[in-house]
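As structure tokens, the structure follows; a few thoughts come after it.
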Amino acid sequence: MKNAAGASGHWPAPVGAAGQPGALQSAASDLSTRDRVTQLLLERGATTAAQLGHALGLSPAAIRRHLDAMLAEGDVVAREQVVRGHRGRGRPAKVFLLTEAARVRCGTHHYDNMATAALRWIARSGGSTAVAAFAAEQVSALEARCRAAMEDAGDDPLARAEALAGALTAEGYAANASTIASGGQLCQHHCPVAHVAAEFPQLCEAETAVISRLVGTHVQRLATIAHGDGVCTTHIPAQPGRAQSGKTVTTVRTDR
């Protein structure tokens, strides 16, 4: 989800009369209005700017400002309105629709609930081992795509971690890698299965095992979004020589 600063574009601004930062108030208002626009488009489908403005009580200029921002952020697309039968003079009005990415975000909790229910059924039927096998199967395609993207990364674990960060970012994980005194660190700022993984840590464990295999060395999971941390952090210990892949993965919590 986009944060308020990203949506408003300008922070901070002059303080308002009530003693609150004016830009903060404006950003919160913008987000609230765009949430309402999103909900209307989800319910109605293709809708004109005039129809949206009328439903929300906004002027043409105000609704256009919000739609322009949502277009720029990739939340909506604009198309010419299909007019059946006789059409009057002039160009047809444009209609606005949610993009697939925006629709998926709207349905996140629905998909999370369904995935959680499915994993609960697997756990009841086959136990934790079956859940772990399912998690491993789910990340296998991700591992294959990342491995292909890392073909030219070489054998050094830290260089491979950098390449992996790029591959994960392309997959939507917003990842980055850095070198630290004790080795390297891979951070993922987004987790598409965080709500489900909070109940089923096997998903995090399967992902950590993938990171270990792709980097080519033992790794330690220091934090996960699924358990309330702000970022998924994986430590890559410094190695005196080339490490072998396939070693045991260690998960270490740092918030206890």
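Read-outs: derived from the displayed coordinates by stated rules, not from any lab. What you see is a predicted model, and the numbers here were worked out from it, not measured in a lab. Backbone-built Cβ (ideal geometry, glycine too); neighbour counts: all protein chains shown.
Points worth noting:
- Each of Ser140 and Gln81 was given a label point 7 Å from its Cα along the Cα-to-Cβ line. The distance between the two points is 5.1 nm.
- Under-5 Å amide H pairs with Val76, H placed in peptide plane, nonlocal only: Leu71, Thr99
- Amide H partners (placed H, <5 Å) of Arg221, local residues excluded: His235, Thr250, Thr251, Val252
- Over the stretch 166-225, the Kirkwood radius and the radius of gyration, each from Cα atoms, give a ratio Rg/Rh of 0.95.
- What the phi angles of the stretch 230-238 give under the Karplus curve with 6.51, -1.76 and 1.60, with θ = phi - 60°, is a coupling list of x, 8, 7, 10, 10, 8, 10, x, 5 Hz, glycine and proline written as x.
- Cα Rg, Dmax (largest Cα-Cα span) when computed across the stretch 107-198, Å: 15.9, 46
- Cα gyration tensor shape for the stretch 202-241, rounded if a/c is under 1.5, else prolate or oblate: oblate
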